[in-house]
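Visitor: Pasting in a structure now, in structure tokens, and then I'll have a few things to ask.
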Number of protein chains: 2
Amino acid sequence: MDNLNTEKKAQRKSSALKEEISEFKRERIKETACHMFYRDGYEATTIDAIAKQLNVTKPFIYSYFKNKSELLFEICNTGVSLSLSAINDIDALPKTPAEKLKLAVHAVVGIIISHQAYIVVYEREEKNLDNGLSRLIRQQRGLFDHRVAALLESGCESEEFTIKDPVMTATTISGMMTWVAFWYSATGKWSESEIIAHVMTMVSAVAGEKMASR
Amino acid sequence: MDNLNTEKKAQRKSSALKEEISEFKRERIKETACHMFYRDGYEATTIDAIAKQLNVTKPFIYSYFKNKSELLFEICNTGVSLSLSAINDIDALPKTPAEKLKLAVHAVVGIIISHQAYIVVYEREEKNLDNGLSRLIRQQRGLFDHRVAALLESGCESEEFTIKDPVMTATTISGMMTWVAFWYSATGKWSESEIIAHVMTMVSAVAGEKMASR
């Protein structure tokens, strides 16, 4: 019985490892494709070229992604899906709306900086997505803005914030964070933590936060 | 003598009209190309297709633009060049920094809304610009941010604003305005004047404006 359990556990472990490796390969393909789409554009990049860059065969890539269009969708969806899951996690914490908003800005600007090419490829290549997929991403972006707006509204109720129009202010806050992807440079004069601190100050200001430190 | 003057004046007038017509034609080509680049992408759009859309010949287009690349540059340069000239005009007015900033936001968000496709094409297709031309536009964007930063600094001196880092705040303000191009919809729930008023409130907030009305 013990032996059987050990064997089952080992099997489970090996299948978990297999999944991890598979996930790792998928991520590496996505990452390479993203940087090639960023550098050369979606239309100019072939699956052949991506395979060559990774030193693998075309069928290897097709075993992870149905086609180039699915790859583009996964790349475009990355930023919003990470940001949504971050704000959901933060929302569940026992903190005040102002504290949650700060944590969310920290997490999301971090995601935007570490996934800069993904965000830029999305903004540039959205027009190449199938309508349905493009709508799906827009819905998720809407959901993210909605979460931010809800946070702003509870902050108004708890009297931490003063905001006239939480929905429009949420759109502006999303924009202030996304905008970083368009100008951040790893070799630029501002470090990641300086940028996060700055966006945090700006967000506090537009949220009309009481005792916002300037 | 009088006759000669009248003739000269008439010549001048007709040459001015000629220039206006030429400018009008140039603008129409630019506008059509911009909307086709917006809809189909720069690479997928040929000079042939632009000529067809305008119901003119290819040589007609080449008499106004050397090549497709020059057309792209002119399109990409439109937003920043209009915005720079607006802020220069406003800067020359006998007003306080806070008043000038409000006028600038009004003018620039107006430009961004009326030239939405130009801004989006620039962000999407910048990678297709020659390096030198791309640098030229970036320099002008830098100059624009610099003007905003200078306005913020004089506002701090006149004690209308409270800002820790005017340069970074100027980048954020430019971003807040440009961001409108990425989500504005003529059929959306917010009118142009509502959006301008909202961005104005947000800009006042990040500038730490005294007595900012919220």
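Visitor: Copy-to-copy spacing for B:Arg138, label 7 Å out on the Cα-to-C-beta vector, in nm, shortest first?
Guide: Spelled out, the distances from B:Arg138's label point are 3.1 nm.
Visitor: Give me the inter-chain shielding for A:194-202: mean count of other chain Cβ atoms within 10 Å, whole number please.
Guide: 4
Visitor: I've got another one for you. Which log10 I(q)/I(0) values, to two decimals, does region A:6-101 give at q = 0.13, 0.17, 0.23 Å⁻¹ under the Debye formula with one point per Cα?
Guide: So the normalised log intensities work out to -0.64, -0.83, -1.09.
Visitor: For the residue pair B:Leu143 and A:Lys95, what label-to-label distance in nm results when each label sits 7 Å from Cα along the Cα-to-beta-carbon direction?
Guide: Between B:Leu143 and A:Lys95, the label points sit 4.3 nm apart.
Visitor: Tell me the label-point distance for the pair A:Arg28, B:Ser22, using the 7 Å Cα-to-Cβ offset, in nm and rounded to one decimal.
Guide: A separation of 6.0 nm, rounded to one decimal place.
Visitor: Additional query: Return the average number of partner chain Cβ atoms within 10 angstrom of each residue Cβ along peptide B:164-177.
Guide: Details: counts 5, 6, 0, 2, 9, 4, 0, 6, 11, 2, 2, 11, 7, 2.
Partner-chain Cβ atoms within 10 Å, mean over residues of B:164-177: 5.
Visitor: Percent relative contact order of region A:65-214, based on C-alpha pairs within less than 8 angstrom and at least six residues apart?
Guide: 30 percent
Visitor: Further, regarding this structure: Quick one: divide the alpha-carbon radius of gyration of the protein assembly as shown by 2.2 N^0.38 Å and tell me what you get.
Guide: On the way: Rg = 25.6 Å, N = 428, 2.2 N^0.38 = 22.0 Å.
The value comes to 1.16.
Visitor: Name the shape class, rounded, prolate or oblate, that the alpha-carbon gyration tensor gives for region A:64-122, where a ≥ b ≥ c are the square roots of its eigenvalues, rounded holds for a/c under 1.5, and otherwise prolate holds if a/b is larger than b/c and oblate otherwise.
Guide: Taking the square roots of the gyration eigenvalues as a ≥ b ≥ c, region A:64-122 is prolate.
Visitor: Which of the residue pairs A:Lys189/B:Lys102; A:Lys30/A:Lys52; A:Lys127/B:Lys189; B:Lys95/B:Lys164; A:Lys102/B:Lys102 have a Cα-Cα distance greater than 19 Å in the structure shown?
Guide: Result: A:Lys189/B:Lys102; A:Lys127/B:Lys189; B:Lys95/B:Lys164; A:Lys102/B:Lys102 exceed 19 Å.
Visitor: Continuing with this model, one more query. How large is ³J(HN,Hα) for each residue in region A:25-33, as worked out from phi by the Karplus curve 6.51 cos²θ - 1.76 cosθ + 1.60 (θ = phi - 60°), to whole Hz, x for Gly and Pro?
Guide: Karplus-based 3J(HN,Hα) across region A:25-33 equals 4, 4, 5, 5, 5, 4, 4, 5, 4 Hz.
Visitor: Which FRET efficiency, nearest 0.05, do B:Ser193 and A:Gln53 yield, Cβ-Cβ r, R0 30 Å?
Guide: Computed FRET efficiency for B:Ser193 and A:Gln53: 0.05.
Visitor: Separate question: Between region A:45-112 and region A:118-194, how many Å separate their Cα centres?
Guide: 15 Å
Visitor: Once both labels are modelled 7 Å past Cα along the beta-carbon direction, what's the B:Gln11-A:Ser81 spacing in nm?
Guide: Label-label distance for B:Gln11 and A:Ser81, simple model: 7.1 nm.
Visitor: Every other copy gets compared here: list the nm distances from the B:Asp89 label point (7 Å along Cα to Cβ) to its counterparts, shortest first, one decimal.
Guide: Output for B:Asp89: 5.0 nm, nearest copy listed first.
Visitor: Got the B:Lys18 label distances to the other copies yet, label 7 Å along Cα→Cβ, in nm, shortest first?
Guide: 7.9
Visitor: Two decimals is fine: what's Rg over Rh for chain A, C-alpha atoms, Kirkwood radius as Rh?
Guide: Working: Rg = 20.7 Å, Rh = 19.4 Å.
Computed over Cα atoms, the ratio is 1.07.
Visitor: Determine the calculated [θ] at 222 nm for chain B from helices alone, applying -39500 (n - 2.57) to every DSSP H run no shorter than 4 residues and normalising by the residue count; nearest 500 deg cm²/dmol.
Guide: So the calculated ellipticity at 222 nm is -26000 deg cm²/dmol.
Visitor: Could you order the peptides B:190-196, B:173-179 from most to least packed, using the average number of other C-beta atoms within 10 Å per residue?
Guide: B:173-179, B:190-196
Visitor: Same structure, new question: Hey, what did region A:1-117 get for relative contact order, percent, Cα under 8 Å, at least 6 apart?
Guide: Computed value for region A:1-117: 21 percent relative contact order.
Visitor: Provide, in order from the shortest bin, the percent of all Cα-Cα pairs of region B:79-177 in each 10 Å bin, continuing until the bin that contains the maximum pair distance.
Guide: Over region B:79-177, the share of Cα pairs per 10 Å bin runs 15, 46, 29, 9, 1 percent.
A short reminder: the numbers here are calculations on the coordinates, not readings from a lab. Because the structure is predicted, anything quoted here is derived from the model rather than measured. Ideal geometry is used to build each Cβ from the backbone, glycine not excepted, and the neighbour counts take in all protein chains shown.
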